[in-house]
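Read the structure below first, then the notes.
The values are calculated or read from the model by the stated rules, or taken from the named source; none is laboratory data. Every value quoted in this text rests on a predicted model; they were computed, and no experiment measured them. Note that each Cβ is placed from the backbone with ideal geometry, even for glycine, and that neighbours are counted across all protein chains shown.
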2 protein chains.
Amino acid sequence: MVQVIAAELVWTGERFEKAVHITVDGDRIVSVGPAQAPADVRLPGIALVPGFVNAHSHAFQRGLRGHGESFPAGKGSFWTWREAMYKLVGEISWKQFRATCVDAFTEMRAAGITTVGEFHYFHHAVAEDYGLDRVVLDAAREVGIRIVLLNAYYNTGAIGEPLQGSQLRFRSASTKEFLTQMDALGKDLHTTQSLGFVVHSVRAADKRDLGEIHRESKRRGTVFHMHIEEQPLEIEQCREAYGMRPMQVLLNCAEVDDKTTMVHCTHTHPEDMMMYRTCGGRVCLCPLTEANLGDGLADLETIGHVALGSDSNNRISMLEEMRWTEYGQRLKTLRRGVHKEAAHLLRHATVEGAASLGIPAGAIAPGHLADFTVVDLDAPTLRGATPDTLLPALLFGTSEEAIAGTCVGGVWSLKRDA
Amino acid sequence: MVQVIAAELVWTGERFEKAVHITVDGDRIVSVGPAQAPADVRLPGIALVPGFVNAHSHAFQRGLRGHGESFPAGKGSFWTWREAMYKLVGEISWKQFRATCVDAFTEMRAAGITTVGEFHYFHHAVAEDYGLDRVVLDAAREVGIRIVLLNAYYNTGAIGEPLQGSQLRFRSASTKEFLTQMDALGKDLHTTQSLGFVVHSVRAADKRDLGEIHRESKRRGTVFHMHIEEQPLEIEQCREAYGMRPMQVLLNCAEVDDKTTMVHCTHTHPEDMMMYRTCGGRVCLCPLTEANLGDGLADLETIGHVALGSDSNNRISMLEEMRWTEYGQRLKTLRRGVHKEAAHLLRHATVEGAASLGIPAGAIAPGHLADFTVVDLDAPTLRGATPDTLLPALLFGTSEEAIAGTCVGGVWSLKRDA
């Protein structure tokens, strides 16, 4: 089906333009140009931007919202939060898991997110059935969000240690079993679904397995993601075990390229980052989660390509992720404008996210997926904005009330009749 | 008029309670207790919390949203932002000023704010007419928001320097003229309006005038607010002029008490803060603005009573101000729970704000003003919350979509029929 779309304003990569028509055939944009033919989809009072790409999510952690925020001993940390998360993992049924995924994905669409990179390590509903892998895909399908299932290999509880307790629900017994499951998952994916390879962290796999899975990912041409250097303790333990920092381990056993994304890099050594960046490696930051967990602030100026993720989904807002990406750096450096303008921030949530997930999205341009975030120009929080100030007004001054809906692969979902 | 209000949940200071009736007579709460008589106002699916108090606002700066966020030279700062602000001041008409105030106050109510402390230094529409003072009050009245007009004395452009250019629209020619205008303003205030005294900053008044205005404020029993130590440059210039830091100047020429609020204190020396705190002095932080301007993070653990303000109104969200008050400290200390629980954060936006502004608000308790923030328990972002997890879910996991409206002095304004 061909649709000609006429919105009041369209973000064409560097600015908002008026009187632009977008022609969509099926799930792809085929042309973007001056208004000509009568439009099929008329959107007055609406600006279209590329659909937000959430490059790192653990959907089930939406179930922890409001939990783990009391500190009777006055000593909360990432690790006490992890205990709360493990408790949830131990208790949740597959039905609750599915409902929580649906809630998280629904909230994402309301926040303008059209693609989620679901970093998925919670595999087993019963014994080692890998039942929850399919449940995540089904939940995304129900909500109509595009998903890249970043499926995780999780084999050890800490470096050289067996999995324990709740962690057993994450278990891949071997790389062979893991690859077999990847093959099975790949067989009947919907057009809005694809797969990526993950090793959970250097804590969760030995070096040999990490290398093997990265190689296999490369052989298949898919993306590879891993958590890295979010907490100083992880770095210390890795140095004790291997005499190297986690990023050095990665560089040592994998041929990093631009399909590789490391998530967090909060405490990555500048020399390691330089090396990683030289290889083309990408980074995903998760400002809301990294602030909530007290991880710290990565040094954005040393990093090359940056995507953004909602991670723990304690709050789901790409707008807030974008502004606090910049605000965190302003607070760290006491300067304004680490990003020279809002357009750079938008790239993190669109172009860079899409590249990190290996999908042709993130831009309103021919050949790209017809994924749009629909901005409500009548939102009171956008009052007074002009085409020139709209993007910074949106990114720094608004929240989800300014999002009127989304379009995923040419299929619209608007909060109100437009 | 007496109203008996039955909401599903009511925040009674330390927890949410069910089956509680609030009785309101006119604009005051007269009792809070077990449900008995049939209620006049039934609010199923609603939780009531004390109305948010925004203790520091410059409403007209709402007009800068989306402006001043491009940095072609890559060198933005607080001071370049101030130039953009002065440009707006130079250009704006009284009609635009009024419309911008109405926009800002309307957005505040949508964000659950029931009282604004309007730190008002932009006095003159034409020549030195003080015409905009009344315009601010009228705009607040139109919107129905409670206002404490924190009226500012602004006499010098920098220490010992005359006012220049746009700054002339802020001018008080003398303390005598300023006090005369305060008297005039005090004559016909609405019941939702009161006055507070302000000296804009140590940049804007000499020590003698600062001392005189603080004394006069004390004599009249009103609150006193001043900007302080937001930027290192202000501290340097003050040391050059007086051989003291701004906080030392204040302590030197004013008898600080618990009616005194210093706004920002981003770079306040711990010894000065200790002294200030010992006198009972309060602090107002503005996390969103301080992040936007690259000011830095105050050391919350050294501060006593903390209120919160939306300041530049680039974004108006007390929920985001609350969570980033805590998140900023987590990022600074790499620990979680500088506030032991969400209830402490809520106090900043309610009890402490009200105390800073000198009004009997901030709590749902007898004798307090009937000012409520109305929380929509059906908001998807609150799905799964229980009375125990509702507050942290609200503060860390939601935005304005979870605010169903406000009640100011017994007068309700709900976004939808409830």
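Side notes on the structure shown:
- Residue count, the range A:367-389 (criterion: facing chain B (nearest Cβ under 7 Å) and buried (at least 23 other Cβ atoms within 10 Å of the Cβ)): 2
- Residues of the range B:199-224 satisfying the condition of being of a type outside the set (Gly, Ala, Ser) and out of contact with any helix residue (DSSP H, G or I) (no Cβ under 8 Å at 6 or more places or on another chain): B:206, B:215, B:218, B:219, B:220, B:222
- Scanning the range B:141-162 for residues that are small (Gly, Ala, Ser) and on the phi < 0 side of the Ramachandran plot, we see that the one that is surrounded by the most Cβ atoms within 10 Å (Cβ to Cβ) is B:152.
- Residues located in the range A:31-53, provided they are crowded, with 16+ Cβ neighbours inside 10 Å and in a strand (DSSP E or B): A:32, A:41, A:43, A:46, A:47, A:48, A:49, A:50, A:52, A:53
- Of all residues in the range B:97-140 being among the hydroxyl-bearing types (Ser, Thr, Tyr) and either closer than 15 Å to residue B:56 by Cα or crowded, with 23+ Cβ neighbours inside 10 Å (or both), the one that is farthest from the other protein chains (Cβ to nearest Cβ): B:121
Table: residues versus (1) within 22 Å of residue B:299 (Cβ to Cβ); (2) assigned to a helix (DSSP H, G or I).
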position: B:173; (1), (2): no, no
position: B:183; (1), (2): no, yes
position: B:190; (1), (2): no, no
position: B:211; (1), (2): no, yes
position: B:227; (1), (2): yes, no
position: B:241; (1), (2): no, yes
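- Filtered residues of the range B:229-239 (kept if outside any helix (DSSP H, G or I) and without any contact (Cβ under 8 Å) to a residue 12 or more places away in the chain): none
- The set of residues from the range B:186-212 being surrounded by 19 or more Cβ atoms within 10 Å (Cβ to Cβ) and among the hydrophobic types (A, V, I, L, M, F, W, C) comprises B:195, B:197, B:198, B:199, B:202, B:204, B:205, B:210.
- Residue within the range A:274-281 that is over 30 Å from residue A:399 (Cβ atoms) and touching a Cys at 6+ places or on another chain (Cβ under 7 Å) present: no
Quick grid of which residues meet (1) at pLDDT 95 or above; (2) in contact with a Lys or Arg (Cβ under 9 Å, 6 or more places away or on another chain); (3) not β-branched (Val, Ile, Thr):
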{"site": "A:82", "(1), (2), (3)": "no, no, yes"}
{"site": "A:86", "(1), (2), (3)": "no, no, yes"}
{"site": "A:110", "(1), (2), (3)": "yes, yes, yes"}
{"site": "A:139", "(1), (2), (3)": "yes, yes, yes"}
{"site": "A:146", "(1), (2), (3)": "yes, no, yes"}
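- Within the set A:21, A:56, the sole residue that is surrounded by fewer than 23 Cβ atoms within 10 Å (Cβ to Cβ), assigned to a strand (DSSP E or B) and of a type outside the set (A, V, I, L, M, F, W, C) turns out to be A:21.
- Matching helices (runs of 4 or more DSSP H) fully within the range A:244-355 where at least 2 residues are within 14 Å of chain B (Cβ to nearest Cβ) and out of contact with any strand residue (DSSP E or B) (no Cβ under 6 Å at 6 or more places or on another chain): A:287-292, A:318-333, A:342-349
- The condition (being of a type in the set (D, E, K, R) and touching a residue at least 12 places away in the same chain (Cβ under 8 Å)) is satisfied by just one residue among B:340, B:332: B:332.
- Condition met for residue A:361 (within 14 Å of chain B (Cβ to nearest Cβ), farther than 30 Å from residue A:78 by Cα and in contact with an Asp or Glu (Cβ under 8 Å, 6 or more places away or on another chain)): no
- Filter pass, residue B:312 being assigned by TED's automatic domain parsing to the domain that holds residue B:57, within 24 Å of residue B:409 (Cα to Cα), touching a residue at least 60 places away in the same chain (Cβ under 8 Å) and among the hydroxyl-bearing types (Ser, Thr, Tyr): no
- Residue satisfying all of: in the range A:226-271; crowded, with 22+ Cβ neighbours inside 10 Å and of a type in the set (Asp, Glu); farthest from residue A:356 (Cα to Cα) among these: A:234
- Flag for residue B:97 being assigned to a helix (DSSP H, G or I), in contact with a helix residue (DSSP H, G or I) (Cβ under 8 Å, 6 or more places away or on another chain) and not small (Gly, Ala, Ser): yes
- Residue in the range A:85-95 that is of a type in the set (Gly, Ala, Ser) and either crowded, with 19+ Cβ neighbours inside 10 Å or under 29 Å from residue B:400 (Cβ atoms) (or both) present: no
- So residue B:61, is it within 14 Å of another protein chain (Cβ to nearest Cβ) and touching a residue at least 60 places away in the same chain (Cβ under 8 Å): yes
- The residue list B:382, B:369 contains one member that is hydrophobic (A, V, I, L, M, F, W, C) and out of contact with any Pro (no Cβ under 7 Å at 6 or more places or on another chain), which is B:382.
- Residue satisfying all of: in the range A:59-76; outside any helix (DSSP H, G or I) and at pLDDT 80 or above; surrounded by the most Cβ atoms within 10 Å (Cβ to Cβ) among these: A:65
- Looking only at residues of the range B:272-294 that are over 18 Å from the mean Cα position of the chain (by Cα) and crowded, with 19+ Cβ neighbours inside 10 Å, we find that the one that is farthest from residue B:55 (Cα to Cα) is B:272.
- Criterion: out of contact with any Pro (no Cβ under 6 Å at 6 or more places or on another chain) and over 20 Å from residue B:329 (Cα atoms) - qualifying residue of A:298, A:307: A:307
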